[in-house]
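What follows is one structure encoded as structure tokens, with my remarks underneath.
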Amino acid sequence: MAVSNPRTLTGVHDAYQSRSDALWLTGLILLAFALRIPGLDASLWYDEAYTLAHYVRPPLAETLLTYEALNNHVFHTVLAKASVTIFGESAWALRLPAMLFGVASVWALWQLCREVVGPWETRLAALLMAVSYHHVWFSQNARGYTGLLFFGLLATWLLVCMVRRPTWRGWIAYGICLALAMYTHLSAAFFFLAHGVAFMLVYLWRAAVPVAGPMPSLWKPAVGCGLGLIVTFALYSPVIGQMVEAFAGVKGEDLSAAAEASIAEWKSPLWMLEEVAAGFGAFGPIVIVIVPVVLAVLLIGGIALFRRTALVPLTLVLHVALTVAILVALSFRVWPRYFLIDIGLICLLLIHGAFVIGNSLQLLPVGDWWSKGERLGIALAALGVAASLVLLPKNYLHPKQNYRGATNFIEEHRSPDSTVITVGLGATPWQNVFAPQWKYAETLEQFRQLYTPGQETWVVYTFPDVNEHRHAAIFQAAAGNFEEARYFHGTLNDGGIVVLRSKEP
């Protein structure tokens, strides 16, 4: 389980002396920007609008001292607030920090890969993540997940380096990554817990098998991690009481039977897998065939890399297992977004697996400057990148949720004296950002008070699968009196927006 790669932290910078490496990295960074700028100003979706209204618009002191909901990714919120202050309130300004972290994470993956695999694997792993649909999607999402990914990859790179050649500077940098990741999103705790378990497994292995390498010191990692935890506690100390209440509220929500039934599946790992599959849209049936192949390549890459740098595959496996186990045990929702932090490690293992397969098959004749195995590995990896590109255009077809489009449509077609009613879950963006003048109904009684038969009335709602179940009484009452005027698609699963208009009397 020793880290056998001879490169050092200083040696990482030597890679930039290579013109081809410098050109590749520059090209990948420019490509990442080019793929993430189109659509950056598309309509905000629910979580983004909530963040804007509740955390970005208020004064900074209020933002730092407020944690009544898990929606506040504090460090990201501070950066988003700075961006909006500088550039003015707009969707693209709100998303700018997430986009920049997304591009920076391509650079961070490059650094990690250069420590554990060869140049071509590094280039193709970074390329695979740069063109990944899910990575582009989250890079255009004004939330803290790409920041979490960046700090996670940077910390993993530092951890690999520190196990081989520990320095105080390196472990302190690791502790800073830990603190900033935790201040971005508390789910970082799962990832750094996986780091800790992986590190201790390596340590115990070296203690049991001295031939595996020199024993790493525990003082430096203890100080680095301790510093990270102290800084994290200091940053969150003003809102710890609110955090406890927020987490208790998520775990013990006081919901009606219908509401509880509508979200019960969100707490299931099987639902998470279904969400991931649904994200592939029309390609879903193909994914069922491709997934076993991808998992096989991932397993091959993980086993091969385990022999060279055990920390990387161990971190991935432990993070997924610990996150699912802890969330299920606590009855928390198992969101796929909690695993975006793993996408860089997945890209690395997939590309490494392709090269391992290429080296095993040895089908092509030996070239002058490439081994035949490397040639085939590049070809297989390029095929994987091409397959990822097939899904990428889906990101640009629709906004995540088209609140802006639905609002403009209704305002253009409604009569001056008509009533617009937003219903249930997902109405917050209309109430706080897009159309605060519209009415809101949570119960059947409220709906009846707002709806006058014979008068033009519009009903608009999103998350139709959940809302139509949770507020079945409202939709049953409206069934005979309303017709669908428009449906606005979104790339967010079940994020379509339904617009109903009352029928002519």
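The values are calculated or read from the model by the stated rules, or taken from the named source; none is laboratory data. Note that the coordinates shown come from a computational prediction; the quantities given were computed from them, not determined experimentally. Here Cβ is always computed from backbone atoms with ideal geometry, including for glycine, and neighbour counts include all displayed protein chains.
Given (1) closer than 25 Å to Tyr50 by Cα; (2) at pLDDT below 95; (3) of a type outside the set (Gly, Ala, Ser), where does Trp438 come up short, assuming only one miss?
With (1) closer than 25 Å to Tyr50 by Cα; (2) at pLDDT below 95; (3) of a type outside the set (Gly, Ala, Ser) applied to Trp438, the lone miss is (2).
Kindly establish whether Asn72 is at pLDDT below 95, buried (at least 21 other Cβ atoms within 10 Å of the Cβ) and not in a helix (DSSP H, G or I). Break it down stepwise before answering.
Details: at pLDDT below 95: yes; buried (at least 21 other Cβ atoms within 10 Å of the Cβ): yes; not in a helix (DSSP H, G or I): yes.
When the stated conditions are applied, Asn72 passes them.
Just one of Asn467, Asn408 is part of a helix (DSSP H, G or I) and free of Cβ contacts under 8 Å to residues at least 24 places away in the same chain; which is it?
Step by step, each of Asn467, Asn408 is checked, and only Asn408 is part of a helix (DSSP H, G or I) and free of Cβ contacts under 8 Å to residues at least 24 places away in the same chain.
Would you be able to say whether some residue in region 417-427 is more than 15 Å from Val498 (Cα to Cα), assigned to a helix (DSSP H, G or I) and assigned by TED's automatic domain parsing to the domain that holds Gly496?
no
As an exercise: evaluate Ala386 against (1) buried (at least 20 other Cβ atoms within 10 Å of the Cβ); (2) free of Cβ contacts under 8 Å to residues at least 24 places away in the same chain and give the number of the one condition it does not meet.
Here Ala386 meets the rest and fails (1).
Looking at (1) closer than 27 Å to Leu180 by Cα; (2) surrounded by fewer than 16 Cβ atoms within 10 Å (Cβ to Cβ); (3) hydrophobic (A, V, I, L, M, F, W, C); (4) modelled with pLDDT under 55, which is the only condition Ala248 fails?
Exception for Ala248: condition (4).
Could you check region 35-54 and list, in sequence order, the residues that are within 20 Å of the chain's Cα centre (by Cα) and assigned to a helix (DSSP H, G or I)? Even if it seems obvious, please write down each step before you answer.
Narrowing region 35-54 to residues within 20 Å of the chain's Cα centre (by Cα): 35-52.
Of everything in region 35-54, those that are within 20 Å of the chain's Cα centre (by Cα) and assigned to a helix (DSSP H, G or I) turn out to be Leu35, Arg36, Tyr46, Asp47, Glu48, Ala49, Tyr50, Thr51, Leu52.
Here is a yes/no grid of residues against (1) touching a Ser or Thr at 6+ places or on another chain (Cβ under 8 Å); (2) modelled with pLDDT under 85; (3) of a type outside the set (A, V, I, L, M, F, W, C):
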residue	(1), (2), (3)
Gly241	no, no, yes
Ala259	no, yes, no
Glu274	no, yes, yes
Thr309	yes, no, yes
Pro313	no, no, yes
Leu316	no, no, no
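Checking the condition crowded, with 21+ Cβ neighbours inside 10 Å, farther than 23 Å from Gly495 by Cβ and acidic (Asp, Glu), which residue from Glu115, Glu62 passes?
Glu115
I need every pair where a residue in region 428-456 that is outside the structural domain of Thr51 (by TED's automatic domain parsing) has its Cβ under 8 Å from the Cβ of a residue that is surrounded by 12 or more Cβ atoms within 10 Å (Cβ to Cβ) and among the charged types (D, E, K, R), sequence separation at least 6 or different chains.
Sorted first by the residue in region 428-456, then by its partner, the pairs are Phe434/Arg404; Ala435/Glu411; Leu450/Lys439; Glu456/Arg414; Glu456/Arg501.
Restricting attention to region 125-141, which residues are part of a helix (DSSP H, G or I) and under 15 Å from the mean Cα position of the chain (by Cα)?
Once the filter is applied, which keeps residues that are part of a helix (DSSP H, G or I) and under 15 Å from the mean Cα position of the chain (by Cα), region 125-141 yields Met129, Ala130, Tyr133, His134, His135, Val136, Trp137, Phe138, Ser139.
Of all residues in region 55-73, count the ones that are under 17 Å from the mean Cα position of the chain (by Cα) and touching a residue at least 24 places away in the same chain (Cβ under 8 Å).
Residues meeting the conditions: 3.
Which residue out of Asp41, Asp21 is within 30 Å of Gly118 (Cβ to Cβ) and surrounded by 13 or more Cβ atoms within 10 Å (Cβ to Cβ)?
Just one listed residue meets the conditions, Asp21.
Here is a yes/no grid of residues against (1) in a helix (DSSP H, G or I); (2) over 14 Å from Leu35 (Cβ atoms); (3) in the same structural domain as Leu348 (by TED's automatic domain parsing):
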position: Glu89; (1), (2), (3): no, yes, yes
position: Pro97; (1), (2), (3): yes, yes, yes
position: Val103; (1), (2), (3): yes, no, yes
position: Val106; (1), (2), (3): yes, no, yes
position: Arg123; (1), (2), (3): yes, yes, yes
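Got at least one residue in region 319-326 being surrounded by 17 or more Cβ atoms within 10 Å (Cβ to Cβ) and outside any helix (DSSP H, G or I)?
No, region 319-326 contains no residue that is surrounded by 17 or more Cβ atoms within 10 Å (Cβ to Cβ) and outside any helix (DSSP H, G or I).
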